[in-house]
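Written below as structure tokens is the structure these notes are about.
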Amino acid sequence: MKVAVAKRMLCISSPAEMTQYVREQKKLGKTIGFIPTMGYLHEGHASLFAKAAESSDCVIASCFVNPTQFGERDDYVNYPKDQAHDIQLAEKSGIHALFLPSAETIYPNGEQITVKVNAKTNVLCGKSRPGHFDGVATVLTKLFTIIQPDHVYFGMKDAQQVAIVGSLITSFHFPIKLIACPIVREEDGLAKSSRNVRLSSQERAEAPELFKGLQSGLTKLKTGERDFAQVIETVETYYKTHLKLGIVDYVDVLNYPDLKRNAPVISGRVIIACAVRFDQARLIDNVTMDCEVSAK
């Protein structure tokens, strides 16, 4: 049994032992809160741990760099990893157990069975990353089965993922409540991300412009603009002026969480989202807003 005790927190690598641990907690009448991560933990993850502690008796996180959600152009091998740091931050955050499985234990027979996501994937990041969300849905199905949480916590930085996780839970009738948590940002507005460490000093200085560009779109909405194209143009124009190193992958405005345009003009809850590529990192960010039906 590969279980090590780090003060009060358990570090568990075996899926069977993780399931047994959860069973023991549920026998004690405890609710299970789960935060799946790809490791290289930072303050954004810590905020999810804190949120989970507010509404769950037993908080479990996983650190697993999932190979099936990386495409040929992606950097699975070079994805930042620091397990010692992850254990330290998780323990400091006060969670009860950290699940640290290997790829061999999560995929013991390779990829014989996978999950196919048929909606919400042809926009935003899914448009340029075919198969990415199939990999996400596949690994989450495995993790949900192993851990059987009552609540799962995801940050809104990857809002498309949050929307798809909601569909996954509904489609497979998982008895899980999805709790979406606000984006945690640096003082200059940059969304916290494990990929930020891969920015050069010059790129890091430019990266806060992503959020500022999205805010320009919000300002347009707040003044009454309800034309999708006009809001997109506002953000794109900002980036053309302020980004010198980053290359814009996309800027889009969609209804959320449908990730569609449900009417000719903007109404209801919408998301303004972007992705920008730097030399060694692709950053994403978004803002959401509930819009009145009345137009400018």
Among the numbered conditions (1) surrounded by fewer than 18 Cβ atoms within 10 Å (Cβ to Cβ); (2) in contact with a strand residue (DSSP E or B) (Cβ under 7 Å, 6 or more places away or on another chain); (3) not in a strand (DSSP E or B), tell me where Arg269 comes up short.
(3)
Out of Leu210, Leu259, Leu254, Leu243, I need the residue that is aliphatic (A, V, I, L, M), touching a helix residue (DSSP H, G or I) at 6+ places or on another chain (Cβ under 7 Å) and surrounded by 19 or more Cβ atoms within 10 Å (Cβ to Cβ). Which one?
Leu259
Say we look at region 272-296 and pick out the residues that are more than 15 Å from the chain's Cα centre (by Cα) and among the basic types (Lys, Arg); which of these is surrounded by the most Cβ atoms within 10 Å (Cβ to Cβ)?
Arg277
Across region 116-171, the tally of residues that are farther than 14 Å from Ile284 by Cβ, at pLDDT below 95 and of a type in the set (Gly, Ala, Ser) stands at 1
Based on this model, can you work out whether Glu206 counts as among the acidic types (Asp, Glu) and modelled with pLDDT under 95?
no
Out of all the residues in region 79-96, is one or more in contact with a Pro (Cβ under 9 Å, 6 or more places away or on another chain) and surrounded by 17 or more Cβ atoms within 10 Å (Cβ to Cβ)?
no
Output for region 184-207, where each listed residue is buried (at least 19 other Cβ atoms within 10 Å of the Cβ) and in contact with a strand residue (DSSP E or B) (Cβ under 6 Å, 6 or more places away or on another chain)
Ala191
Which members of region 171-205 meet the condition of being charged (D, E, K, R), in a helix (DSSP H, G or I) and touching a residue at least 60 places away in the same chain (Cβ under 8 Å)?
Arg195, Arg198, Glu203
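Yes/no per residue for (1) modelled with pLDDT of 95 or more; (2) assigned to a strand (DSSP E or B):
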{"site": "Tyr238", "(1), (2)": "yes, no"}
{"site": "Thr241", "(1), (2)": "yes, no"}
{"site": "Leu245", "(1), (2)": "yes, no"}
{"site": "Asp252", "(1), (2)": "yes, yes"}
{"site": "Cys274", "(1), (2)": "yes, yes"}
{"site": "Asp290", "(1), (2)": "yes, yes"}
{"site": "Ser294", "(1), (2)": "no, no"}
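The rows are residues; the columns are (1) in the same structural domain as Lys142 (by TED's automatic domain parsing); (2) surrounded by fewer than 19 Cβ atoms within 10 Å (Cβ to Cβ); (3) among the small types (Gly, Ala, Ser).
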{"site": "Gly29", "(1), (2), (3)": "yes, yes, yes"}
{"site": "Ile35", "(1), (2), (3)": "yes, no, no"}
{"site": "Ala53", "(1), (2), (3)": "yes, yes, yes"}
{"site": "Ala61", "(1), (2), (3)": "yes, no, yes"}
Any residue in region 167-181 that is within 16 Å of the chain's Cα centre (by Cα) and among the β-branched types (Val, Ile, Thr)?
yes
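The values are calculated or read from the model by the stated rules, or taken from the named source; none is laboratory data. As the structure is a prediction and not an experimental result, all values here were calculated from the model. Positions of Cβ are generated from backbone atoms using ideal geometry, with glycine treated the same way; all protein chains shown enter the neighbour counts.
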